[in-house]
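Participant: This is the structure I have questions about; it appears just below.
The values are calculated or read from the model by the stated rules, or taken from the named source; none is laboratory data. Owing to the predicted nature of the structure, the values given are computational and were not obtained by experimental measurement. As a convention, Cβ positions derive from the backbone with ideal geometry for all residues, glycine included, and neighbour counts pool all protein chains shown. Accessible surface areas use protein heavy atoms only, side chains included; no ligands, DNA or RNA. Shrake-Rupley method; radii C 1.70, N 1.55, O 1.52, S 1.80 Å.
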Amino acid sequence: MTRFIRTCSLTAGGLLVTLTGMDCLYSYGIARHPLMDIPENQHYDYLIIGDSRVSSLLEKDISEQTGKKTLVLPHYGDHLADVLKLTDYFLERGNHAETVISTVDLRIAQSSNMTHEWEFYAHEVRAQHYLKPRFPFLMYARNNRRIPFRKVLEEISRPVNTVRRDTRDFGIFQKYEPTREQKVPYDTSNLRLDLIMELRKKLNEHGIQDHRLMVAPLSPDYPRFHPGSETYKQVMRSHGFRLYDCANVFRDTSAFADILHLKRKTYRDFSRLFADSLKKDMRAGQPQMASATQKAARPH
């Protein structure tokens, strides 16, 4: 019996050591590269941050059209808690922005059970030290388990590069294909206003006083599946936020890949319209997305 217990203990200990080593290897491989290629010690005029729909704003186009240095950080599938974590990382790397524009709507702001992507965990491990005691792989399992070992090896072998390049194909063919999940009505009573206010407080503590909000473009089908989803905009304005309401910029489903996302062929149109609204904001002192919406042409 003693021998059996000893064998089990040695096996469990060996397995724990192996998992711990793998956990450290995963974290090192991922975190040796800046999260989302965010550089260090940079000053931006505009930081635009949010979920995947922020990716339809092209930072190079906006920078060129406004004459203002712009950084666009889309974190795919995120919620407001993820925006807070990403903002922390941006600031901890010594960066600063004059104006932060974060996305808000009932999809990104309503969830109370938020999970974080695995990149966040790896960078937290690095910040706290790789050998800090923890249960190996627990956070990966709780958050995002889609981490192939091949990916980690690629990250370890790849040279660190903070040059931000957009390699997407903007001419690809995309159909309008709403998903079943996007048609499930959001709970309008579960707006996470506390997280929005926490983000504003965090920015203020770092000397960033200009925090604005943006509602990304939504398909004309959106109101049919999500009735009564306009009230949160009034809540945001009542708390003093400057809100760019881009929900109805494009009034035809031909501009959209699904209910929430634009087709890539429309990205430059939207970037131009949003840059125009920023330039008008600079001149008039208030967001002017409504006028941009009125003159928006349907995509080709």
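Participant: Restricting to the stretch 252-265, name every residue that is closer than 18 Å to SER55 by Cβ and not in a helix (DSSP H, G or I). It would help to see each step written out before you state the result.
Facilitator: Step one: list which residues in the stretch 252-265 are closer than 18 Å to SER55 by Cβ, which gives 255-265.
Across the stretch 252-265, the qualifying residues are PHE256, ALA257, ASP258, ILE259, LEU260, HIS261, LEU262, LYS263.
Participant: Pick from GLY285, GLY240, GLY228: which is at positive phi, surrounded by fewer than 16 Cβ atoms within 10 Å (Cβ to Cβ) and at pLDDT 90 or above? Full working, then the answer.
Facilitator: On the way: GLY285 fails: at pLDDT 90 or above; GLY228 fails: at pLDDT 90 or above.
Exactly one of GLY285, GLY240, GLY228 is at positive phi, surrounded by fewer than 16 Cβ atoms within 10 Å (Cβ to Cβ) and at pLDDT 90 or above, namely GLY240.
Participant: Pull up the stretch 116-164, narrow it to residues that are modelled with pLDDT of 85 or more and not in a helix (DSSP H, G or I), then point me to the one that is surrounded by the most Cβ atoms within 10 Å (Cβ to Cβ).
Facilitator: The selected residue is ARG158.
Participant: Restricting to the stretch 165-207, and then to whatever is β-branched (Val, Ile, Thr) and within 19 Å of the chain's Cα centre (by Cα), can you tell me which residue is least open to solvent (accessible area, probe 1.4 Å)?
Facilitator: Here is the first cut: in the stretch 165-207, the residues β-branched (Val, Ile, Thr) are 167, 172, 179, 184, 188, 196.
From what's left, within 19 Å of the chain's Cα centre (by Cα): 167, 196.
Values: THR167: 123, ILE196: 5 Å².
Once the filter is applied, the top-ranked residue is ILE196.
Participant: Just one of the numbered conditions (1) in a strand (DSSP E or B); (2) among the charged types (D, E, K, R); (3) open to solvent by less than 10 Å² (accessible area, probe 1.4 Å) is not true of ASP23; which one?
Facilitator: Result: ASP23 fails condition (1) only.
Participant: Of (1) in contact with a helix residue (DSSP H, G or I) (Cβ under 7 Å, 6 or more places away or on another chain); (2) part of a helix (DSSP H, G or I); (3) open to solvent by less than 60 Å² (accessible area, probe 1.4 Å), VAL249 satisfies all except one. Which?
Facilitator: Answer for VAL249: the failing condition is (2).
Participant: What are the residue pairs meeting all of these: first residue in the stretch 77-98, first residue under 16 Å from MET197 (Cβ atoms), second residue buried (at least 16 other Cβ atoms within 10 Å of the Cβ) and not aliphatic (A, V, I, L, M), Cβ atoms under 6 Å, and 6 or more apart or on different chains?
Facilitator: Within 6 Å, the pairs are HIS79/SER111; LEU80/ARG192; VAL83/SER102.
Participant: Still on this structure, I have one more. Check off (1) among the small types (Gly, Ala, Ser); (2) open to solvent by 20 Å² or more (accessible area, probe 1.4 Å); (3) assigned to a loop (DSSP other than H, G, I, E, B) for SER219 and give me the number that stays unchecked.
Facilitator: Here SER219 clears every test but (2).
Participant: Give the residue that is modelled with the lowest pLDDT, with candidates limited to residues of the stretch 165-196 that are under 27 Å from THR87 (Cα atoms) and of a type in the set (Val, Ile, Thr).
Facilitator: Among residues in the stretch 165-196 that are under 27 Å from THR87 (Cα atoms) and of a type in the set (Val, Ile, Thr), the one modelled with the lowest pLDDT is THR188.
Participant: If you don't mind, there's one more thing I want to ask. On the given criteria, is THR18 touching a helix residue (DSSP H, G or I) at 6+ places or on another chain (Cβ under 9 Å), among the β-branched types (Val, Ile, Thr) and in a helix (DSSP H, G or I)? Lay out the reasoning, then the answer.
Facilitator: Numbers: touching a helix residue (DSSP H, G or I) at 6+ places or on another chain (Cβ under 9 Å): no; among the β-branched types (Val, Ile, Thr): yes; in a helix (DSSP H, G or I): yes.
In short, no.
Participant: Scan ARG268, ARG212 and give me the residue that is in a helix (DSSP H, G or I), closer than 30 Å to GLU64 by Cβ, modelled with pLDDT of 95 or more and not polar (S, T, N, Q). Before the answer, list the steps.
Facilitator: Numbers: ARG212 fails: in a helix (DSSP H, G or I).
After applying the criteria, what remains is ARG268.
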